[in-house]
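Here's the structure we're looking at; comments come further down.
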Amino acid sequence: MNRKVKTKKTGQPGKFKKTAPRTGRTGRTGKPASKKPSAVWDQAAQWYDTLVGLKGSEYQTAVIFPGALQLMRLKKGDRVLDLACGQGVYSRYLSQRKMKVTGLDTSEEMIRFAQSRSDPTIHFEHADAQDPQALPDKTFDAVVCLLALQNIESLLPVMRNVKRWLKPGGRFVMVTTHPCFRIPRQTHWGWDEQKKIQYRRVDLYGSESAIPILTPPFVDSQSFTVTYHRPLQSYFQALTEAGLCVDGLEEWASHKTSEPGQRSKAENRARQEIPLFMALRAVPSSD
Ligand SMILES: C[S@@+](CC[C@H](N)C(=O)[O-])C[C@H]1O[C@@H](n2cnc3c(N)ncnc32)[C@H](O)[C@@H]1O
């Protein structure tokens, strides 16, 4: 499990307060340590590859991969961009289902893992999802971004690129941990003894925030990734401004169940009631 480090909220909707782990201060200046996203994920790549492996983590294989596939409405031979593909686990899943896949990621290390684990028919691109030059326009029948928009600092350039890279009639599918209920350090499970229910507590939601999360191998204060929390309206605003129109939204619960015990019924109910992931499909709006 990740150890999380303290963060602060901005208090200003639409603006991120950039924070670094408390331990992430440079010795001499005392200024907060900051790193490019590529470097952040390069150092986490080995850990992430071990976590996800060849076929995906439990949540990915049970919930996310089949759910995203269904939302994309693909047919065999479609061209799909796996945006922020990491070590390529979903690119492989799609390729096995006869799609023509391109995976793009900003981390050179992640791309190295992706290439070493995948069939050469999958094309991997080392580039920033925010760079409009990264790929040719109107290339893909679908763009999919799994568990990664929450790790990208600016939404709007990414959404503009998605619109740019999709063919007319294409689909964009994004999956994030649920922005309302799964905010690192700001949401927690609680137990109401009187009602005998498990509840979800949400301390902060409306402010955007950048939350550094320490990641294995915890070698030093630089071993962290950043999760960008955004309320739902931020996603909708960026999609709309980029010319993408939401035509599907699903909220996915965890597939897990508790071991039998005094609270297991309440825990299972809470797990079903409070979704773990949000999945959204958007299509280019007619200009
Ligand atoms: C949590 S991983 C998810 C990887 C993969 N989609 C999966 O489901 O396993 C987040 C990924 O986002 C990538 N990423 C972060 N910022 C990016 C950017 N600006 N452009 C492209 N990829 C980025 C990271 O390098 C990392 O591989």
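All of the numbers you see were taken from the coordinates with simple rules; none came from a lab. The structure presented is a predicted model; accordingly, all values stated were derived computationally and were not measured. Ideal geometry is used to build each Cβ from the backbone, glycine not excepted, and the neighbour counts take in all protein chains shown.
Descriptive notes on the structure:
- Taking packing as the residue-averaged number of other Cβ atoms within 10 angstrom, the listed peptides 164-173, 193-202 run from highest to lowest as 164-173, 193-202.
- Look at where the Cα atoms of the stretch 85-149 and of the stretch 166-215 average out, and the two centres are 26 Å apart.
- Over 20 Å (Cα to Cα) - which of Lys55/Lys75; Lys55/Lys163; Lys36/Lys163; Lys55/Lys265; Lys55/Lys98; Lys75/Lys100 fall in this group: Lys55/Lys75; Lys55/Lys163; Lys36/Lys163; Lys55/Lys265
- Label sites at Lys55 and Arg269, each approximated as a point 7 angstrom past Cα along Cα to Cβ, lie 3.5 nm apart.
- Highest-MSF residue in the chain out of Pro37, Pro217, Pro275 [GNM, Cα springs under 10 Å]: Pro217
- With R₀ set to 30 Å, the beta-carbon distance separating Glu125 from Ser286 gives a calculated FRET efficiency near 0.55.
- Each peptide among 240-251, 71-82 gets the average number of other Cβ atoms lying within 10 Å of its residues, and from highest to lowest they stand as 71-82, 240-251.
- Kirkwood hydrodynamic radius of the chain, from the reciprocal of the average inverse Cα-Cα distance over all distinct pairs: 19.9 Å.
- When shorter helices are ignored and each DSSP H run of at least 4 residues is given -39500 (n - 2.57), the per-residue value for the chain at 222 nm works out to -7500 deg cm²/dmol.
- With 0.36 nm allotted per residue and the present C-alpha distance subtracted, the Gln96-Lys36 stretch has 18.3 nm of extension available.
- Note on Ala253 and Trp47: the model spin-label points, each 7 Å out from Cα along the C-beta direction, lie 3.1 nm apart.
- Top of Leu239, Leu69, Leu146 by mean-square fluctuation, Gaussian network on the chain, Cα under 10 Å: Leu69
- Top of Glu273, Glu108, Glu153 by mean-square fluctuation, Gaussian network on the chain, Cα under 10 Å: Glu273
- Whichever aspartates and glutamates have a C-alpha closer than 19 Å to that of Lys76, once near sequence neighbours (fewer than 8 apart) are set aside: Asp119, Asp141
- Label-to-label distance, Glu153 versus Cys180, with points set 7 angstrom from Cα along the beta-carbon direction: 3.1 nm.
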